[in-house]
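**Student:** Sending over a structure as structure tokens; questions will come in a sec.
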Amino acid sequence: SFRGESFEEHARNVRYRMASEIAREHGYNIIATAHTLDDSVETVLMRIFGGTGIHGLQGIPPTRGMIVRPLLSITSDEIYAHLQSHAIAWREDLSNEDPAYSRNFIRNRIIPRARDKCPMLQGAVGSLSELARDTINLLDRLLFKNYGNPVQVDSEIVRIDADVIKDDYPAFC
């Protein structure tokens, strides 16, 4: 059991926890991951299939805390081509082929078939994610301008002034 997490979520959390520990031990203040546009497209499709709103359409964020993802605008194919052209070896996790995992099913079965009919799939989903991020940033600014900050955080307690947001609650979710 992974405390309500899927195996994939649990493994991701363990990887980030280990990277954070290593960064802390060595005094690093940035952790760079190798997430690509393909990873973000997979994430968006997983969220759509699972039921999501505009927040889920953002895909993988380019930054979050000390984590940066400098390769999000590059496809996996572009990275493999670069590695091949420079005779650089790489390793593949064999579990990436297992369709029992939702992400792998989307990566290896759904996306290739969709790209056959829609070659611009990656760019289109990437643009949608960027538009969702821009829209959420605008909405956040407008909400703050209109309502101030209805959320107060004191140590580990979060207080939300429900009276302030009651008429527009969905905009805050």
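**Student:** Would you kindly find the accessible area of T43, with a 1.4 Å probe and non-protein molecules such as ligands, DNA and RNA excluded, rounding to the nearest 10 Å²?
**Tutor:** The accessible area comes out at roughly 10 Å².
**Student:** Then there is this: Could you tell me the relative contact order of the chain? Use alpha-carbon pairs under 8 Å, at least six residues apart, and round to a whole percent.
**Tutor:** Working: 126 pairs, mean separation 35.3, N = 173.
Over the chain, the number comes to 20 percent.
**Student:** Oh, and also: Tell me whether region 71-173 comes out rounded, prolate or oblate; compute the Cα gyration tensor, take square roots of the eigenvalues as a ≥ b ≥ c, and use a/c under 1.5 as the rounded threshold. Show your work: numbers first, answer last.
**Tutor:** Working: a/c = 2.60, a/b = 2.35, b/c = 1.11.
Prolate shape, in that a/c is at least 1.5 and a/b is the bigger ratio.
**Student:** Follow-up question, since we're still on this one. Please list 3J(HN,Hα) in residue order for region 104-111, calculated via the Karplus relation 6.51 cos²θ - 1.76 cosθ + 1.60 where θ = phi - 60°; whole Hz, with x for glycine and proline.
**Tutor:** 3J(HN,Hα) across region 104-111, in whole Hz: 5, 4, 5, 4, 9, 10, 7, 4.
**Student:** Need the C-alpha centroid separation for region 115-140 versus region 43-67, integer Å.
**Tutor:** Computed from Cα coordinates, the inter-centre distance equals 11 Å.
**Student:** Then there's this: At a 1.4 Å probe radius, carbon and sulfur cover how many percent of the accessible area of region 63-173? Spell out each step's value before the answer.
**Tutor:** On the way: 4770 of 8480 Å².
Result for region 63-173: 56 percent of the exposed heavy-atom area is carbon or sulfur.
**Student:** Just how much of Y28 is accessible, in Å², when a 1.4 Å probe is used and the result is rounded to the nearest 10?
**Tutor:** 130
**Student:** Once Kirkwood radius over Cα pairs in Å is worked out from the coordinates, which option in (1) 16.9; (2) 19.0; (3) 19.5 does it equal?
**Tutor:** (2)
**Student:** With a ≥ b ≥ c the root eigenvalues of the C-alpha gyration tensor of region 2-41, is it rounded (a/c under 1.5), prolate (a/b larger than b/c) or oblate? Present the calculation step by step, with values, prior to reporting the outcome.
**Tutor:** Details: a/c = 4.27, a/b = 1.24, b/c = 3.44.
The shape class here is oblate.
**Student:** A further question on this structure: All other residues with a Cβ under 15 Å from the Cβ of N149 taken together, and with Lys, Arg as +1 and Asp, Glu as -1, what is their net charge?
**Tutor:** Details: positive: R141, K145, R159; negative: D140, D154, D161, D163, D168.
Net of charged neighbours comes to -2.
**Student:** Against the longest alpha carbon principal axis of the chain, how many degrees, from 0 to 90 and to the nearest 10, is the axis of helix 121-147 turned?
**Tutor:** Once rounded, one gets 20 degrees.
**Student:** Another one. Largest first, how would R91, R103 line up by accessible area (1.4 Å probe)? Spell out each step's value before the answer.
**Tutor:** On the way: R91 225, R103 55 Å².
From most exposed to least exposed: R91, R103.
**Student:** Residues with beta-carbon under 15 Å from that of V14, excluding V14: net charge, scoring Lys, Arg +1 and Asp, Glu -1? Spell out each step's value before the answer.
**Tutor:** Working: positive: R3, R12, R15, R17; negative: E5, E8, E9, E21, D93.
Taking every Cβ under 15 Å from that of V14, the sum is -1.
**Student:** Follow-up question, since we're still on this one. Leaving ligands and nucleic acids out of the surface, order V153, V68, V41 by accessible area at 1.4 Å, largest first. Provide the component values of the computation, followed by the final result.
**Tutor:** Numbers: V153 95, V68 45, V41 0 Å².
My answer, sorted largest first, is V153, V68, V41.
**Student:** Hey, another quick one. Between N149 and I110, with labels modelled 7 Å along Cα→Cβ, what's the label distance in nm to one decimal, could you check?
**Tutor:** 3.8
**Student:** Could I ask something else about it? Work out from phi, with θ = phi - 60° and the Karplus expression 6.51 cos²θ - 1.76 cosθ + 1.60, the ³J(HN,Hα) of each residue of region 50-61, listed in order in whole Hz, and give x for Gly and Pro.
**Tutor:** These are the phi-based 3J(HN,Hα) values: x, x, 9, x, 4, 4, x, 6, 5, x, 7, x Hz.
**Student:** Averaged per residue, what accessible surface does the chain expose to a 1.4 Å probe, in Å²?
**Tutor:** Details: 12380 Å² over 173 residues.
Here the residues of the chain average 72 Å² of exposed surface.
**Student:** Given the Cα-Cα distance of A162 and A11 and 0.36 nm per residue of separation, how much length would full extension add, in nm?
**Tutor:** Details: separation 151, 0.36 × 151 = 54.36 nm, distance 3.61 nm.
Between A162 and A11, full extension yields an extra 50.8 nm.
The values are calculated or read from the model by the stated rules, or taken from the named source; none is laboratory data. Note that the structure is predicted; figures quoted are calculated from it, not measured. With ideal geometry, Cβ positions are generated from the backbone for all residues, glycine too; neighbour counts draw on all protein chains shown. All accessible areas refer to the heavy atoms of the entire protein, side chains included, with ligands and DNA or RNA removed. Shrake-Rupley method; radii C 1.70, N 1.55, O 1.52, S 1.80 Å.
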